[in-house]
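Here the structure is laid out as structure tokens; the discussion comes afterwards.
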Amino acid sequence: MVSLIVAVILTRTSGKQVYRDTQRMVRSVGAPGVLPQLLATLGAVFTAAGVGTLTAKLIAGVFPAGNQFGGVVLYCVAMALFTAIMGNAFAAFAVITAAIGVPFVIAQGGNIAVVAAMGMTSGYCGTLLTPMAANFNSLPVALMKMDDEMGVIRQQVPVAIILLVLQIGLMYLLAF
């Protein structure tokens, strides 16, 4: 509320004008405006349902224990992929960190703060690759009236891959 009052004072506009402009902006954004909150809630539901624990058990049967670099690669790539599926790194973070980050990176001596921060930014690499991240990838297409619906994503793919490789290297170097 304070920021709204300050904005009205600074712009010398009426409350009615603020209300009309807010309505106009919300209508132009549409459903993608609330998508991040819904996806974060979905991540919490997945965590409460034990998806992370089940995933950890499945991976533990296949992935060799004690391999720090392998754990880092697995965690970072899983964060990017699950974020691409969910459309939001916050939704993926709780599930993948519980499933892979804790048992395969942190339990092997990885610094918790580094693993968490780098894991989240690895997830953001997945955000760059998916139309599920509507607020980042679909919304700009709509607002700029682009002809190519995947144009934003096509431009971001090389950057996302390079960033993911850098995230893996940085996490391994800084966490251990």
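The values are calculated or read from the model by the stated rules, or taken from the named source; none is laboratory data. Being a predicted model, the structure only gives us computed values, none of them experimental. Using ideal geometry, Cβ is built from the backbone for each residue, glycine included, and neighbour counts are taken over all protein chains shown.
Is it the case that region 52-66 has a residue that's buried (at least 18 other Cβ atoms within 10 Å of the Cβ), on the phi > 0 side of the Ramachandran plot, of a type outside the set (K, R) and not in a helix (DSSP H, G or I)?
no
Looking at region 42-71, which of its residues are of a type outside the set (F, W, Y) and in contact (Cβ under 8 Å) with a residue 60 or more places away in the chain? Steps first, answer last, please.
So the first thing to find is which residues in region 42-71 are of a type outside the set (F, W, Y), and the list is 42-45, 47-62, 64-68, 70-71.
Answer for region 42-71, where residues must be of a type outside the set (F, W, Y) and in contact (Cβ under 8 Å) with a residue 60 or more places away in the chain: just Q68.
Mind checking which pairs have a first residue in region 72-93 that is on the phi > 0 side of the Ramachandran plot and a second that is surrounded by 21 or more Cβ atoms within 10 Å (Cβ to Cβ) and assigned to a helix (DSSP H, G or I), Cβ under 7 Å, 6 or more apart or different chains?
Sorted first by the residue in region 72-93, then by its partner, the pairs are G87/L39; G87/A134.
Here is a yes/no grid of residues against (1) of a type in the set (F, W, Y); (2) under 21 Å from L42 (Cβ atoms); (3) in a helix (DSSP H, G or I):
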position: F93; (1), (2), (3): yes, yes, yes
position: G110; (1), (2), (3): no, no, no
position: Q156; (1), (2), (3): no, no, yes
position: L163; (1), (2), (3): no, no, yes
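State which residue pairs qualify: first residue outside the structural domain of L128 (by TED's automatic domain parsing) and assigned to a loop (DSSP other than H, G, I, E, B) and inside region 139-154, second residue of a type in the set (A, V, I, L, M) and at pLDDT 85 or above in any location, beta carbons under 9 Å apart, and separation of 6 or more residues or different chains.
Qualifying pairs under 9 Å: none.
Take region 1-40 and flag every residue that is within 16 Å of M86 (Cα to Cα), loosely packed, with under 12 Cβ neighbours inside 10 Å and touching a helix residue (DSSP H, G or I) at 6+ places or on another chain (Cβ under 8 Å). If you could, list the steps in order and put the result at the bottom.
Residues of region 1-40 within 16 Å of M86 (Cα to Cα): 31-40.
Checking the rest, the ones that are also loosely packed, with under 12 Cβ neighbours inside 10 Å come to 31, 37.
Once the filter is applied, which keeps residues that are within 16 Å of M86 (Cα to Cα), loosely packed, with under 12 Cβ neighbours inside 10 Å and touching a helix residue (DSSP H, G or I) at 6+ places or on another chain (Cβ under 8 Å), region 1-40 yields only A31.
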